[in-house]
Amino acid sequence: MAATSGLRFEPIGPEIRDALEEYLNEFRAVDTHGPFDLAEENGFAGVAGYIEFCRLAAGETPPVPGLVRTDALALLRDGRVLGEIRIRHRLTPDLEIDGGHLGYRVRPSERNRGYATAMLREGLARLRALGLERALLTVDGSNAPSLRVVEKCGGVGRDEVPEGSGPLNRRFWIATAPLEGKRGEQGPPGSFQEP
């Protein structure tokens, strides 16, 4: 059985609170930065705060100045959160440098199993449903696995830009519609098909 069978996407919300708490705790244990950072920096503490932050970010008026409307989806299998994707409805000058239209994160214990590819394809399909023909993605230039995912999904290098004092961010344009003749490309939201 392929690693990507049995996957589903669900909005981050109270219905998956326990699974989400386990996911966030794994990040806290192994990574210095986690999906909860921005929420906590803005006073949304714990898993309940994270859920509320994501709910508000999906509305017309995001909870933090400078944020844009963002849909946050969890990738689940058998009730376990494997990762999450952020789908930003528009760009700001800051998001053009760091963030782009899509951001995805796979829990540390589940990496290198095709989940980032599944999330990117789902995000592209949802952006297409919003009317975007292409998406801007930014990737830390030292993140080789994510660079491979973007290139695998058809990302075309745009340029490299500095972001803070760290490595350069590589920027990519990627079509939100499937490329002809490509197996496993994105379809309508929720329809990820493994290659």
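Using alpha-carbon pairs under 8 Å, 6+ residues apart, how would you state the relative contact order of the chain in percent?
After rounding, I find 18 percent.
Show me 123-135, 41-53 ranked by packing, highest mean number of other Cβ atoms within 10 Å first.
Peptide ranking by packing, descending: 123-135, 41-53.
Pull out a ≥ b ≥ c, the square roots of the eigenvalues of the alpha-carbon gyration tensor of the range 98-141, then state rounded if a/c is under 1.5, prolate if not and a/b is larger than b/c, and oblate in the remaining case.
oblate
Considering only the other residues whose Cβ falls under 14 Å of the Cβ of GLY13, what net charge follows from Lys and Arg at +1 and Asp and Glu at -1?
Neighbour charge sum, excluding GLY13 itself: -4.
Using only helices, what value at 222 nm comes out for the chain when you add -39,500 (n - 2.57) per DSSP H run of length 4 or more and divide by the total residues, to the nearest 500 deg cm²/dmol?
-9000 deg cm²/dmol
For the range 20-112, what relative contact order do you get, as a whole percent, if you take Cα pairs closer than 8 Å and at least 6 residues apart?
21
Determine, at each q value in 0.18, 0.21, 0.24 (inverse angstroms), the log₁₀ of I(q)/I(0) that the Debye formula gives when each Cα of the range 41-151 is one equal point scatterer.
The Cα Debye sum returns log10 ratios of -1.00, -1.32, -1.50.
How large is the convex hull of the Cα atoms of the range 1-82 per residue, expressed in Å³ as a whole number?
105
Give me the net charge of GLY157's neighbourhood, meaning all other residues with Cβ under 14 Å from the Cβ of GLY157; Lys, Arg count +1, Asp, Glu -1.
Net local charge, GLY157 excluded: +3.
So what's the net charge close to ALA29: Lys and Arg +1, Asp and Glu -1, counting the other residues with Cβ under 13 Å from its Cβ?
Surrounding charge for ALA29 is -2.
For VAL64 and GLU160, what is the calculated FRET efficiency with R₀ set at 25 Å and r taken between the beta-carbons, to the nearest 0.05?
Approximately 0.35, to the nearest 0.05.
Tell me which label goes with the value of P(r) over Cα pairs in 10 Å bins from 0, in percent computed from the coordinates here: (i) 8, 29, 28, 19, 11, 4, 0; (ii) 7, 18, 10, 7, 6, 6, 5, 5, 5, 5, 5, 6, 8, 6, 2, 0; (iii) 9, 37, 40, 14, 0.
Of the listed options (i) 8, 29, 28, 19, 11, 4, 0; (ii) 7, 18, 10, 7, 6, 6, 5, 5, 5, 5, 5, 6, 8, 6, 2, 0; (iii) 9, 37, 40, 14, 0, (iii) comes from this structure.
Just so you know, all these numbers are worked out from the coordinates, no wet-lab data involved. A quick note: this is a predicted structure, and the numbers were derived from the prediction, not measured. Virtual Cβ from ideal backbone geometry, glycine too; neighbours counted across all protein chains shown.
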